[in-house]
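**Q** Structure below; questions to follow.
The values are calculated or read from the model by the stated rules, or taken from the named source; none is laboratory data. Small disclaimer: the values here were computed from a predicted structure and weren't measured. As a convention, Cβ positions derive from the backbone with ideal geometry for all residues, glycine included, and neighbour counts pool all protein chains shown.
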Amino acid sequence: MSQKSPANPSSSTPADPSGPVSASKPALPGALAPGLYLVATPIGNLADITLRALDILSKVDVIACEDTRVTRRLLSAHGLRTRLTTYHEHNAERARPRLIEQMKCGKAVALVADAGTPLISDPGYKLVQEAAAAGLAVTAVPGASAALAALLVSGLPSDRFLFAGFLPAKAVARRKVLAELAPVPATLVVFESPRRLAAALADMAAAWGPRPAAVARELTKLYEEVRRDSLDALATHYAAAGPPRGEVVIVVGPPGPAAAADADDLDARLRAALAVASLRDAVAAVAAASGLPRQRVYARALALRKAQSDSD
């Protein structure tokens, strides 16, 4: 993706220094240059959209969106009537070639999510890949992001963070991912379904200990709420209160120095054990010696073995 956008996107096409440059003919005065425009939309409050985004959405030839009903409401609120087409995980393979062909023919295409910044937990990055490979201009029009909004209000360190997307729905897969994320020396931001929130928080507390965390829901909306506490306390609260309403983002503080050291020690023990024993026996030995949950040790052993296999 191009890292620089023109000051006036209506008058020039950004060049991509790392890829081919589009050979499309110049746009007419007042029109947008051909290419793909990645436009952030509000995550709740309809006023959270930039003047530039409204200008782009009013001038593109078509807007590719997840749900036309959602995007049409946004456009109607701002008096726009731009043509819409769907682009989501279920039709992306069919829709992508059509969008690329339109851009090759000189059209300007905007990509939006139902809420927030496109490409965050959606298949938009594949459209960017193919557009860039075809020499088409790709322009980011930044704005609202639920992940960043939650990080800002969490009160947790923001100098280094990792967005981990949605956790797996199944408990076994979720715990494996959490074990892999345990040693990451950064604040972690994840999306979660309200109905799985209590279970996810309980698994986080089991895998990561009582780290400080925040659960943010309904961000920018009328009933916005941010609850800050330790992971175990939050798990207890939501287990008793039941699933909350609205969209949920969980922000978890980084591991402390002791936790980071423990993670390094676990890796060292596992590598030594795996060098002389089977996976099953190595996990059993390390779990018994360290006192750590066997599930966490097993998940980490799998991750180490996969990393070793990939490097061979």
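**Q** Go through the stretch 127-159 and give me each residue that's of a type outside the set (D, E, K, R) and in a loop (DSSP other than H, G, I, E, B).
**A** The answer is A134, G135, L136, A137, P142, G143, A144, S145, G155, L156, P157, S158.
**Q** If you don't mind, there's one more thing I want to ask. For the stretch 174-195: of the residues being within 18 Å of the chain's Cα centre (by Cα) and assigned to a helix (DSSP H, G or I), which is nearest to Y238 (Cα to Cα)?
**A** Here the residue is P194.
**Q** Continuing with this model, one more query. Just give me the residues in the stretch 264-286 being surrounded by fewer than 19 Cβ atoms within 10 Å (Cβ to Cβ) and either part of a loop (DSSP other than H, G, I, E, B) or small (G, A, S) (or both), in sequence order.
**A** Hits for the stretch 264-286 are A268, A272, A275, V276, A277, S278, A284, A285.
**Q** Would you pick out the residues in the stretch 157-197 that are under 21 Å from Y298 (Cβ atoms) and free of Cβ contacts under 8 Å to residues at least 12 places away in the same chain?
**A** If the condition is that a residue be under 21 Å from Y298 (Cβ atoms) and free of Cβ contacts under 8 Å to residues at least 12 places away in the same chain, then P168, K170, V172, A173 are the ones that fit.
**Q** Could you please find all residues in the stretch 112-151 being out of contact with any Ser or Thr (no Cβ under 9 Å at 6 or more places or on another chain) and closer than 21 Å to T220 by Cβ?
**A** Residues satisfying the conditions are L119, S121, D122, A150.
**Q** Do we have P185 as in contact with a helix residue (DSSP H, G or I) (Cβ under 7 Å, 6 or more places away or on another chain), exposed (fewer than 15 other Cβ atoms within 10 Å of the Cβ), farther than 30 Å from Q102 by Cα and at pLDDT 95 or above here?
**A** No: the conditions fail for P185.
Here is a yes/no grid of residues against (1) under 23 Å from S193 (Cβ atoms); (2) more than 24 Å from the chain's Cα centre (by Cα); (3) surrounded by fewer than 23 Cβ atoms within 10 Å (Cβ to Cβ):
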residue	(1), (2), (3)
L36	no, no, no
A64	no, no, no
R69	yes, no, yes
R81	no, yes, yes
A92	yes, no, yes
L99	no, no, yes
V109	no, no, no
G116	yes, no, no
D122	yes, no, yes
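**Q** Right, here's the next one. So which residues in the stretch 160-173 are surrounded by 18 or more Cβ atoms within 10 Å (Cβ to Cβ), assigned to a loop (DSSP other than H, G, I, E, B) and small (G, A, S)?
**A** none
**Q** Would a scan of the stretch 304-311 turn up a residue that is more than 25 Å from F166 (Cβ to Cβ), crowded, with 16+ Cβ neighbours inside 10 Å and modelled with pLDDT of 80 or more?
**A** Looking for residues that are more than 25 Å from F166 (Cβ to Cβ), crowded, with 16+ Cβ neighbours inside 10 Å and modelled with pLDDT of 80 or more, one finds none in the stretch 304-311, hence no.
**Q** May I ask you to list the residues in the stretch 198-220 that are closer than 28 Å to I43 by Cα, surrounded by 18 or more Cβ atoms within 10 Å (Cβ to Cβ) and in contact (Cβ under 8 Å) with a residue 40 or more places away in the chain?
**A** Within the stretch 198-220, A198, A200, L201, M204, R211, P212, A213, A214, A216, L219 qualify.
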